[in-house]
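Enquirer: Take a look at the following structure, please.
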Amino acid sequence: SSYISWLGVAVAQAHLGRPDEALAALAKDVETQGGYASMLRVSPSVDPLRGDPRFDALVRSLRLGLPR
């Protein structure tokens with residue numbers, strides 16, 4: 001069995017200008033409980049996705065206990 005860092009995939013895709021693929025990878029990270037979801041609000045690695053309504057909805061769906 002091999003491990004896939006969905007966050008790593010998401011960051012790479014985001015920085016390559018591929019938001020659809022990046023958001024799909026982030027959703028996979030959340031789905032597989034990759035453990036990085038709690039960092040999405042503050043991590044600069046996902047800055048290219050900020051402002052995308054789909055990214056904002058994903059972060060809101062995590063209910064991280066932070067102000068919305």
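Enquirer: Looking only at the stretch 13-64, filter to residues that are surrounded by 13 or more Cβ atoms within 10 Å (Cβ to Cβ) and over 11 Å from the mean Cα position of the chain (by Cα); which one of those is farthest from SER2 (Cα to Cα)?
Expert: Filtering first and then ranking leaves ASP52.
Enquirer: Right, next: List, please: which pairs have Cβ atoms under 7 Å, are six or more places apart or on different chains, and start with a residue in the stretch 20-43 that is of a type in the set (Lys, Arg) and end with one that is surrounded by fewer than 18 Cβ atoms within 10 Å (Cβ to Cβ)?
Expert: Listed by first residue and then by second, the contacts come to ARG41/LEU64; ARG41/LEU66.
Enquirer: Which of the residues spanning the stretch 1-58 are part of a loop (DSSP other than H, G, I, E, B) and either of a type in the set (Lys, Arg) or at pLDDT 90 or above (or both)?
Expert: LEU16, GLY17, ARG18, ARG41, ARG50, GLY51, ASP52
The values are calculated or read from the model by the stated rules, or taken from the named source; none is laboratory data. Here the structure is a predicted model, which means the values were calculated and not measured. Don't worry about glycine lacking a Cβ; one is built from the backbone with ideal geometry, like all the others, and counts go over all protein chains shown.
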